[in-house]
Structures are given as C-alpha cells and as structure tokens.
1. At 7 Å along the Cα-to-beta-carbon direction for both A:Glu56 and A:Ala113, put a label point, then send me their distance in nm to one decimal.
2. Taking the beta-carbon count within 10 Å as an exposure proxy, list A:Met161, B:Met305 from fewest neighbours to most.
3. Packing-wise, with mean Cβ within 10 Å as the measure, how do B:93-103, A:289-299 rank, highest first?
4. Using packing as a proxy for protection, rank A:479-486, A:64-71, A:352-359 so that the peptide with the highest average count of other Cβ atoms within 10 Å comes first.
5. Given the options A:Gly292, B:Gln102, B:Thr240, identify the residue whose Cα lies farthest towards the positive end of the charge dipole of the protein assembly as shown (+1 on Cβ of Lys, Arg; -1 on Cβ of Asp, Glu).
6. How high is the FRET efficiency from B:Asn542 to A:Gln35, r the C-beta distance, R0 60 Å, rounded to 0.05?
7. Taking the range B:585-680, which GluC sites (Glu not before Pro) meet the DSSP loop condition and have no more than 14 other C-beta atoms within 10 Å?
8. Mind checking the full-extension length gain between A:Val341 and A:Asn143? Use 0.36 nm per residue of separation minus the Cα-Cα distance, one decimal, nm.
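What follows is calculated from the coordinates using simple rules that are stated; it is not laboratory data. Quick caveat, the model's predicted, so the values are computed rather than measured. Neighbour counts run over all protein chains shown; Cβ positions are idealised from the backbone, glycine included.
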Amino acid sequence: MNCSVLEPTVLLEAVSPHPFEDVLVLWALFVSFLQRSFTSLPGSPIIRRYVVASYENDPYRTMLEIAIAAFALRTILSSRTRTDRTGRNFVQLSEKEIDELVSDWTPDPLVPAVPEDSVDNQLLASLPIIVGPTGPRVRLASNEKKEVLNLASYNFAGLAMSERLKKVATDTLRAYGVGTCSAPGFLGTIDVHTALEANISSFLQVPSTILYAQDFSAISSVIPSFAKRGDIIVADRLCNFSIQRGLQLSRSTVKYYDHGDMSSLEAALSVVAREGARKGARLTRRFIVTEGLFENDGSITDLEKIIELKRKYKFRLILDEGMSFGVIGATGRGLTEFSGVPATEVDIIVGSLTRGLNAGGGFCSGTLAVTSHQRINSAAHVFSASLPALLATTASEGISILSSSPQIFTTLQEHVKLARSILDKVESKYDLIRIPSHPLSPLIHIQLPTPPFGDLKDIQQQERLLQEVVEECLTTSGVMITRTRRLPDQEVFQPQPSIKLALSSGLTKKEVERSMQGVKAALIKVLGSKKR
Amino acid sequence: MGLKKPTSSPSRSPLSLGPKSTPSLSTLTTSSPITAHDSLLRLARRSQDIPPSPGSSIAGLIATSGPLSKMNLAGTPGAHTISPGEPNYDPLENPVTPYPVQTMGVPAFRHEEFGWCANQEYRHTSTYSDKSPVQHESDEPPYYVFLTTYISYLLLISIGHLRDFFGKKFYPAYYKDLIPYDGYAALNSDFDSFYTRRLKTRLDDCFGKPVTGVPGRSIVTFDRTSDDSNLNFKYSGEKTRCLNISSYNYLGFAAATGGCADAVEESIRRYGVSAGGPRLDAGTLDLHLQAEQLVARFTGKEDAMVVSMGFATNSTTLPALVGKGCLVISDELNHSSIRFGTRLSGAAVRSFKHNDMGELEKLLREVISQGQPRTHRPWKKILVIVEGIYSMEGNLVDLPMLIKLKAKYKFYLYVDEAHSIGGLGPNGRGVCDYFGIHPSNVDILMGTLTKSFGAAGGYIAADKATIDRLRLRSHAAVYAESISPAVLTQIIAALGSIMGVSPPLALPPPDSPSDHLSLSGPLTSHPVYGPAPATALPAWLNLPPALLNGTEGRERLRRLAFNARYLSTGLRKMGFIVWGHRDSPIVPMLTFNPAKMPLFSRMMVDRMGGIDQTPIVVVVVGYPATPLVSSRVRFCVSASHTKDDIDLLLRACDEVGTVLDLKHGKPEGGMWDVERVIANAKELVIS
C-alpha cells in the first residue's frame, strides 16, 4: 500500500532513463520482498483489511498522514540551534561577509554609563545603612551616635529583635545548622518546614500550605503555575510588581479593572463570562488576582464583594496577602480575618513570612490540590533551595506569638489612629498631600495631591521632591521614613510616587506622636515652600 | 518492588536519634502551634557533648567525656580499623579508621556532620590539566538497554491510561479536581497532570523525604510507608540516620557546631533574624555590605551584590541587564531560574546544544550577521549565559574556548556558578580559578550561597558600574526581602575561613608542596585570590585560629577534590556509566531504565544482602529533568565525607548495581572489582 505513496518521490529523483529503470527494478524487488515478509506474518490479512478499509473510506486521511510524517521527520532532522535558514527573511551571506559583519558589530555597554552626578549615583549615596540590628530605633551609618526612629522597615507586629524569636533561632541553629543545602523535592523538606506549613494552615484555618524561600518570588511563581496560555485573569490595575511579573509569565489573557472599583471588576467579569458563554467556546481557567493590603497605596480590598462576584461569575480568586498577613485583622490573620470571611472562601492565598512575622520566605495556602500541584509545578518552589530552618522556626514562633497576644494589634491600631489623626490634618487643612491608604492600614502612603500643585507633572520631579521630604525628616526630626522605591520603566501602570510609613507596635505612643509630628513638619516645610 | 524496610535496622542507634517520643511528622497536623522545641533542645544539648576545641589533656578528656570514650580513636585500647559485622561497627557515628586524636586534637565537628579523616593521603587539589579534555566522552550502553527503556515507558503510559479510563468510571472522587465541574475549568487538567499522577507518583517515596537535623555527612530521615501507592504517607515516628550523598553541602559548611555556627549564634544575639524589608527601603544592614565586599574579594571581582534566594538571583537580575533588542544565548541545559529571568526580561532567546562550542560559534555568526529578526537591525547586546557545572550532567563549561569566542564575537558572558563556586579550583573560587583564567574575563559571575557555604541566597559579582546599576535596577533590590543577618554571618564566616584572613596568613600544610594560594594557570598568573582583609569582617566576629588562617578552608577544598575524583573515577572503573567531569562534585550515574531509579534509591537505603547495612540516601532524577532515556542517580560528594564513606558507597553501588545490571561501561584498562578500586584510590585520583 505504500507504493502509491512513495513512487512520486522516486520519479522526481530520477534524472535519466537508465538509472530510472534500475531504480524501478530495485523498487519492485524491494516491494515484493516487503509483501512477502508481510504476508508471512501471522494475522497480516486482518491488518491489511483494516488498513485498506480505513483508507477507502477516507482518502484525505492518507494525505494528512503523509503530511504529519513529513513534518515529524523535518522536526527530528532540524537542528535545535539553527532557525529557519530558508525563511523568507534569512539573508544568505558569504563567510567573508559574516566575518566583516562580526568585526563591524559594536555592542552597547553592558550597563549604560552614568555620569558622576547622576540621579542614580545620588540615590546610591543616600541609601540608609543600618549599623547593628533593625527595629523601631536604629543607628545609621551616616551618624552612628544618634538613634533614629525607624518607620521605613517592616516590623508591624514588633517582632524584630524579639528575645523569644532569638532563642528559637539559636536553638534551631544548634540542631539544624543554617542552610538546608537542598531543594524541597530532594532532601530539603525538613520537619520544621512541615511544622510551619501546618501552623500557617491552622492559623488561617485552611486545609494546606506550601512554603517558598522568598516572599517576592512566591506569587510570581504561583500565578504561572496555574494560569497558562489561553486562560483568563482579571487583575486590579494597582497590583504590586511581583504580581505583575506573575501575570507576564503566565502568558494568559489579562484584563485589568480600575483599582478597588467593584463595578469595574464586575463589568470585566461579565464581559469574560459572556464571551465564555458563546457557543463552542472552550471552558478556560479564570482567575481574579488582587491584593489584600495594597503594597502600592495601602488601600484594603473589599473581600466580601469580591467573593460574591467570583461566585457569581465562577472565577477563582488569587489573593496576595503579602502585605496583610501578620499586619491586619484582630490577631494578624490578614484580610480574611479583617473582613470576617473564612479563608477557605479564597481559592489561593499567598503571603509573606518576612513582613508580618519578621522571619523569612513566603507561603501559599489553599486546598490540598492547590498546594500539591505547586510542589511539582511551581518553579520557585521546585528549583530553589528550601527556607533555612531557623527562619522556618522563627516564623512558627511568630505565629504562636501573634495568636496568643491580641494586644499587639490593638496597640498597632491605636498607633494607626494616632498617626492618621495627625496626617489627615495635613491632608485636609494644608491640602499638601493625599493619603490613599485605608484608615486602618498600618502601611500609610503619602502622595502629592492630584493634580499636583506647581509644575510637578513629571514623575521624576515628584520623586525628587518626596525624597527631599524624606531627608528633611531624618535630619531635622531624627525619623527615618522612605520613598516608595519602584522600577518605573518596568511597572505596567505607573503608580503615583509616594512616601510610605510602616508603623510598628514596637514603637511607643510617644514615639509615634513624635515621628508623625516630624513627618508633618517636614511635609509642611518642603511641600509648603514648593506650593507657595 | 516489594522491598520492605526491615523493622529494626542494626544501624539505627538510639544515641543519635533520641527517644521515640520526639515530635514526629505524624503529630504535625494538630491545631496548636508546634515549636518542635523539645527535640531542638535535645539535639542542642547533644552538640555540647563533644568539647569544641582540642583540650589540653586529651587522655583525660577521653576518659571523662562519655560519647568520646566510645569513639574509635588511635592510641586508645581496642582501636583498630573496624570492619562490617563487628559490634561497634557504626560508620556514621564512629570513625571506621582510628582517628589520631593525640596528634590532631578533638575535631570541632561531630563525626556525623563532618567526618573525621586525618590521612593527608586522601587529599587532592582541584585544578585544570590540559591533558584531559573538558568534555569527557561518555560511554553508551548496549542497545537492549535503550529498547527496554522505551518499552518500559510505553508500558507505564499504557497502564496509566488504562487506570485513568477505568478510574474515571469507578473512582470519580479522585478526578474531581482534574475535570471541569460546576462551570469551573479544572485547575490542573487530567491530561496535563498525567505524567505526574501516573508515572512520577510511582517513585514519590524517593522524592521529598522528610528529614531532620543538619544536612551534613549523614542525615536523619523519617521512616514512612504508603498503603495507597504513594498518594499518602504514614509516618511511624521512627527515624533512620543515613549517609548523605545527596545534599549540596560541597564544602561541609552545613553544621550545627564549629566556628561558623558559633559566629551565627553571636550574630543572632546581636542582630536577631530579620533585616526588615527590601534593600532600597531600609533593609540594608552593615552586614550586607560586609558580606558583599567579601564575596567580591572571594570571586576576584570589583563588587558584588547578595540576594535572599538563589533562584531569584537569576530571575530578578537578568531583567535589569537585558531587555528588548538584546539577545540572550543560553545553553540548552541552563537552570530554570535563568529561563525564568530571561522570559521576564523581554530579550530574545536562542539556545545552543549543551556545551557545544562549535554550535555556539555557528549560532553567534548567524545572529550577529542576521541581526534582529525581520528588521535586521544589529542586536544591542548579546549575553551568553552558561553554568559552571551543570547540575544534572556534572559537566564543566568549556571556559577557555568560551573566552576565545568572547574575544572574537564581543558578547557579554554570564556564568552561573551555582554548583561550581566553592567546589572547584585550587582556591575554591569556581571555574575561573579552576581553569586559571582571570575573573575579569567573565563579565558577570553569579553563584549561590546555599550550596558550598551552607547558607542561603545568591550573589552577583561584576565590575562596580554593573553592580551599582543592579543595586538600583534589580527586582530583588527594590521589592524583595533582604538576606537575614543570621544567614549573612554564615556567609561571612564560611567565605572568610576559605580565604583565610590577613593577617594572619595561611601556611600551607607541610606535606603538600603543590598547594598554593595565588593563582597560576595557562592564561594568566594574577594573585587575585588572596586572603580576606581583616577589616572586611565584622569587628565582633571571633573565628577560631583554624578558620582565621585558612588551614581548615584549604583542608575542606582538598578533601572535596579528592572525594569527587575518587568517586567519579572509582565508579567508572567498576563499570558504571558515569557522566560529567571527574573534578565535578556532582557525579551522575546512569540507570537508563525508569524502574531502576526507585529500586536503586530504595535498595541503597534498605541495603539488601551484605554484612554492611548502613543506609545511604541518594537522589534519583528522571524525565522531565533529564531526557527520557537517561534516568540517573545523582551523587553530590562533600568535603565532609571521609575516604571510608566513599569506600562504603562504592561497595553499596557494587552490590546494588550488580543486581540491577547497571555496569554497562567499558573502562580503559578493563573493569576492576570494588576492592581493587578501594585499594588503589590514590592512584585513581592522581591518574
């Protein structure tokens, strides 16, 4: 049956009549040999009948199969390194021409050269360097003698330098060493990891949890492990940088809704649902991706509404609690506790153990199906060494501290109230700033009002001005705050420049008051003069 | 299969494993937070059993100190080379060869963590010799091995599909999450997860074994069984101490005792464990800068930056280096993190056949002459990314050739030294040190701190302008957590002790004239790899003399070099098919047939037959981490292993490998039996 298939090829190859005849004879011999050996096989008539019958019914099948075979052959034979040399766009060049092109080519420098007095260099020079431990009160390398108040580091629950954590860390060190020297899939799963996973699960009341060795890498790896090409993601426009990278890696269709705007979200969801309901449309995975406490402006998501919408339109919710876990809620359980929604309502929760708990790493919680999928499919989990044991045990101890000391969060909330009462005045009375953050958020962002006063349309100008406030605050009042650092050329949407304050329950009431007065004075001094 | 673990193993010593009441994994699902404090304290107390430094009166010490009196020490009554079967044969706890405590003093480390091996014969210097090629020719097994491998997969896949076909009818609950339900698409479809569910699950008992304690020379694993073909595991609470030939503990810095651990303890007292946020906010401590200065000095580059996760070092740095209009040329076997970072960067990517410099040159000629696709505009820059040692193959990068190509084709070179830093070169400084190439020839040296240095995270070393840019532009610096001070201290102490701190300077051991601190090689001879200046270390850091003068660091490098070469050469000589370079601490041994992977792993733990029952934990790797037909066992040797450990491993491989028909190699000069290999270890290493 193969004769009809291969003969045309033979015909093409034949050039003169003589070899053509020889080839035909050889071919005939070969075919008869094949036939003989085929018929001698037991059961061959059945196969023959089956093949003949199936090709009789469908002549296109023969063509299709030849095409597939040819394609497979081409794929196997083509080199892995070379691309389409015969492509329309490929320019055939002689070796000499290539040599000339090679010697002509001058690449850009690896990094662009920057002048001595560039913004970059100024920025590098102005970076605060903490001498000794971090905490609510620190000493900076610029002036080691003077202690300054620290509102720039994440220490919401005041666990940095906790003696209990230090004790646990030391004990762990003496039993486990520092590094784990292995990925979780090999020998990197230590009992303290399993214990921490169980502790997070029971803290959040969810079925299971998986650990990541770094908080930033968690969500940017979680999203692409579930969402693939063709899937649909509806995300908040102000989502943090790490989420943006996850969305980029997923190659899914991403639709954005206006920041915190539930009607905009519903509109986006209904469009997707309508498209999905079209006849013949494939059922794709659909996700809503948002943050609990927004890293970019300190606002808090309306979880109840999102849960309602996600159920209505049959989306899954990926919630980044990186900024909210250990930060908001009566005992620091994050947005779900804050909103009074059971954490099991959220399909995938991603959180940080660095910010709220002052340990290290990140985690992802959900059903067993969610976490076990990541154990083999999430790149940052599979291909990375596991979390050092002493960071895992300190995180466990941190959780136990949080769940047994609700006063941490009452203190923190008192601080927030106090700070906002002072800052809100600067906003309403002087109209110098805008605070987009939620009134209960311990992370407070301060932006310039929109539209900005003066000639501050340019983002870089705004950043420079805010940096002046930061420096004024440190030099005059001894309060370290920080401008929100971003990579402007890599953010998808440009968040507005801001100063961020991270309150800590490790500060005393007096210190909060003093630092806020300092921030206020600096804002009025720097921005006020600019406004005038 | 059916290889059940014997209920009681003679190697399981109650001394090391603690009472059975210690918290185990089976109790970890309770709702109250678990601190694992009890077991921690017990283990912590143990570490103080052995005095940390050589005592003044060793004889008195041995007599009074309980655990030490049980050790096989030269000069004590009954000291001899213990052979398997003897009552005190316990190679993981007790040195097989008597340890000369009279001359060497009591080691600072527990034997379980870092083996006691005083014999200076078993040392080697890791350096490139142009007598042997960078890329070894690898043996091919007979055709029937390939044939049976393909048949195995065919069988496994058919059975898997059959099980799915009937499973969907009879056990719909199992498929609930795998098929669409209630208007939701499956989170992970049955088709996508087929390989994981139906093939990988079969050998899941060989992966992700829960362990406890230090991942040193030996490691304690939790015993587990499964009644439902590895879907769920049951933990009996029993633990087994195994010889650990699987952790990336190349230089043996994973330790709970010794100078580095003492330094870390002091650091926790001073700094706590948190650095409090991204580097650019206020997450930069003085320790970060000190660690970075030390890394720069260590790698021989101008400046360096540390990142809190090794994976993220690649994935967050590459987008800051290349972007649209740039081309990344990547070895086809590069690590996932490199691919992750390249995809984020938006640069175009081409890959070349693994380690094939000819293919690379062809590709370079093509891409430079053709320019960017469609527009034909020249590329802004071309970044070639390779790894120092490939983690699955044990191959070294052909750096000398690459440097020649770089001079001609003007690309930038990025070398990922995740596995080679610390593990290669006479000074442990990675591939440049090994090949004797000045590090300034490589634009960017990246590496991890997780592996050789027993810490966590990674680093990027380059010239100052590049690092300055990365400090401001790398995703990690702007958005990710900075490294914990405890981890930084481990990095500083480990690096400092390999380099030695000046002053005082390291003195070479008397019997190793070939050893040298400065670099000498075929291309350059710059003493770039000098000691660490004392000013680069924190003032409060107190390192013991053996770490300060670099003798211990050198000892570790030389032990690793010996072990790597011995194991790799020994296995080859015994007829196994081993890939990779002989100096690589990663030694992949091919099993081909998929079913032999789990069997090998289980048999090494269970140790069928033989007098010696010491369990050995190995890592097996198969598809998709390797090509379908080349499933393998991957050994990672460490400086903490003694020659006795490698002997033990070779004997075990011989036992198991014979049963599993793994000896398909054709070594030059004929196959040797295992005892001959062991007797000629030194010659094999030098050869």
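1. Calculated label separation equals 8.1 nm.
2. Ascending Cβ contact count within 10 Å gives the list A:Met161, B:Met305.
3. Numbers: B:93-103: 19.5, A:289-299: 25.5.
In decreasing order of mean packing, B:93-103, A:289-299 become A:289-299, B:93-103.
4. Values: A:479-486: 23.0, A:64-71: 10.8, A:352-359: 30.8.
Sorting A:479-486, A:64-71, A:352-359 by mean packing, highest first, produces A:352-359, A:479-486, A:64-71.
5. A:Gly292
6. Numbers: r = 87 Å, r/R0 = 1.45.
Computed FRET efficiency for B:Asn542 and A:Gln35 comes out at 0.10.
7. Details: sites: B:Glu655, B:Glu668, B:Glu675; in loops: B:Glu668.
When the GluC sites (Glu not before Pro) of the range B:585-680 are filtered for loop state and at most 14 Cβ neighbours within 10 Å, B:Glu668 remain.
8. Values: separation 198, 0.36 × 198 = 71.28 nm, distance 4.69 nm.
Result for the pair: 66.6 nm of gain on full extension.
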